[in-house]
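Participant: Before we start, here is the structure in question, set down as structure tokens.
The values are calculated or read from the model by the stated rules, or taken from the named source; none is laboratory data. Since the model is a prediction, treat every value here as computed from it, not as a measurement. With ideal geometry, Cβ positions are generated from the backbone for all residues, glycine too; neighbour counts draw on all protein chains shown. Heads up: the accessible areas ignore ligands, DNA and RNA and are worked out on the full protein's heavy atoms, side chains in. Shrake-Rupley method; radii C 1.70, N 1.55, O 1.52, S 1.80 Å.
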Amino acid sequence: QVQLVESGGGLVQPGGSLRLSCAASGSFFSLYRMGWYRQVPGKQRELVAHITSGYDTNYVDSVKGRFTISRDNAKNMVYLQMNSLKPEDTAVYYCNMYGPAVDYWGQGTQVTVSS
């Protein structure tokens with residue numbers, strides 16, 4: 001069973017930065033697409049960014065140019081560097097591992113952007 005553990009969330013002022021981390025247990029981490037999603041109360045969970053096993057990346061339009069997803073296969077880690085944060089980025093951020101017959105989620109980490 002794969003476990004995903006997020007960390008790095010918190011309270012930050014508008015314009016600030018945070019770096020989220022996700023640690024994955026288990027084997028074959030490098031084979032799977034890794035993603036970051038976010039959710040606010042009353043809304044559907046949305047994709048923020050994902051990175052494939054081949055390091056191709058994709059971002060939702062609202063974070064392009066501000067967020068960067070990366071992965072370290074040697075450490076079974078995926079990161080989300082978030083810069084120029086806005087109040088509308090406030091959400092619970094979830095890490096996801098996805099592949100054939102694989103769809104795992106972390107418990108989430110709260111990001112609050114407020115002055």
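Participant: I want the local charge near F29. Using Cβ-Cβ distances under 13 Å, sum +1 for each Lys or Arg and -1 for each Asp or Glu among the other residues.
Facilitator: +2
Participant: Mind ranking V78, V60 by accessible surface for me, highest first, 1.4 Å probe?
Facilitator: Of V78, V60, the descending order of accessible area is V60, V78.
Participant: Probe radius 1.4 Å, ligands and nucleic acids ignored: give me the carbon and sulfur share of the accessible area of the chain as a rounded percent.
Facilitator: So the carbon and sulfur contribution to the accessible surface is 48 percent.
Participant: Here's another thing I want to ask about it. Projected onto the charge dipole of the chain (+1 at Lys/Arg Cβ, -1 at Asp/Glu Cβ, origin at the Cα centre), which of L80, V113, V40 gives the Cα projection farthest towards the positive end?
Facilitator: Going by the charge dipole, the pick is V113.
Participant: Where the only charges are on Cβ atoms (+1 Lys, Arg; -1 Asp, Glu), what is the dipole of the chain about its Cα centre, to the nearest 20 debye?
Facilitator: 100
Participant: Would you mind getting me the FRET efficiency between V5 and S53? Use the beta-carbon distance for r and R0 = 22 Å, nearest 0.05.
Facilitator: 0.60
Participant: What net charge is computed for the residues neighbouring R66, neighbours being all others with C-beta under 12 Å from the C-beta of R66, Lys and Arg scored +1, Asp and Glu -1?
Facilitator: Neighbourhood net charge equals -1.
Participant: List the relative contact order of segment 40-115 as a percent without decimals, with contacts defined as Cα pairs under 8 Å and 6+ residues apart.
Facilitator: Relative CO of segment 40-115 lands at 21 percent.
Participant: Keeping all protein chains in place, calculate the accessible area per residue for the chain (probe 1.4 angstrom), answer in Å².
Facilitator: 53
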